[in-house]
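Since the structure comes first, as structure tokens, the remarks are kept for the end.
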Amino acid sequence: MVDQSTISPVDTISLPGGADGIAADAGGVWVMDYSSGFVIRIEPSSGDLGQQIRVGPHPTSIAVGAGSVWVAVPEEGAVYRVDPGSRASTGIP
């Protein structure tokens, strides 16, 4: 977490895996882990972690837009759409 007035770190957050990609929107910060194939949401005001969401093997990039989280999984030739509300992921070939 970052102090907005000084732009200095004030806390760290331990993740269950790596942080190979990060995307943020008004609802939170989304972190992608290449090794595990999961994404996880971080609540920015508290640092609380949401549930891990499986998206496929070795995701390579993450973005947010159009009300969803989008994760590229080249090994499957797919993009996964994660619904931020239900936390459901759907592969789109």
Check: When the residues of the range 47-75 are filtered to those that are within 17 Å of Pro16 (Cβ to Cβ) and polar (S, T, N, Q), which remaining residue is most open to solvent (accessible area, probe 1.4 Å)?
Finding: Gln51
Notebook entry, point to check: Do you know which of the residues in the range 6-28 that are among the β-branched types (Val, Ile, Thr) and in contact with a strand residue (DSSP E or B) (Cβ under 9 Å, 6 or more places away or on another chain) is most open to solvent (accessible area, probe 1.4 Å)?
Noted result: Ile22
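Scan the range 29-46 for residues that are within 9 Å of the chain's Cα centre (by Cα) and either surrounded by 19 or more Cβ atoms within 10 Å (Cβ to Cβ) or of a type in the set (S, T, N, Q) (or both) and jot them down.
Scanning the range 29-46 gives Trp30, Val31, Met32, Asp33, Phe38, Val39, Ile40, Arg41, Ile42.
Return the total of residues in the range 62-93 being out of contact with any Asp or Glu (no Cβ under 9 Å at 6 or more places or on another chain) and not charged (D, E, K, R). Outline the logic, then answer.
Taking the range 62-93 and keeping what is out of contact with any Asp or Glu (no Cβ under 9 Å at 6 or more places or on another chain), we get 63, 66, 70-83, 85-88, 92.
Retained after the next criterion (residues that are not charged (D, E, K, R)): 63, 66, 70-74, 77-80, 82, 85-86, 88, 92.
So the answer is 16.
The values are calculated or read from the model by the stated rules, or taken from the named source; none is laboratory data. Keep in mind that what you see is a predicted model, and the values were worked out from it rather than measured. Reconstructed Cβ throughout: ideal geometry from the backbone, glycine too, with neighbour counts over all protein chains shown. Accessible surface is based on the protein model in full, side chains and every heavy atom, while ligands, DNA and RNA are left aside. Shrake-Rupley method; radii C 1.70, N 1.55, O 1.52, S 1.80 Å.
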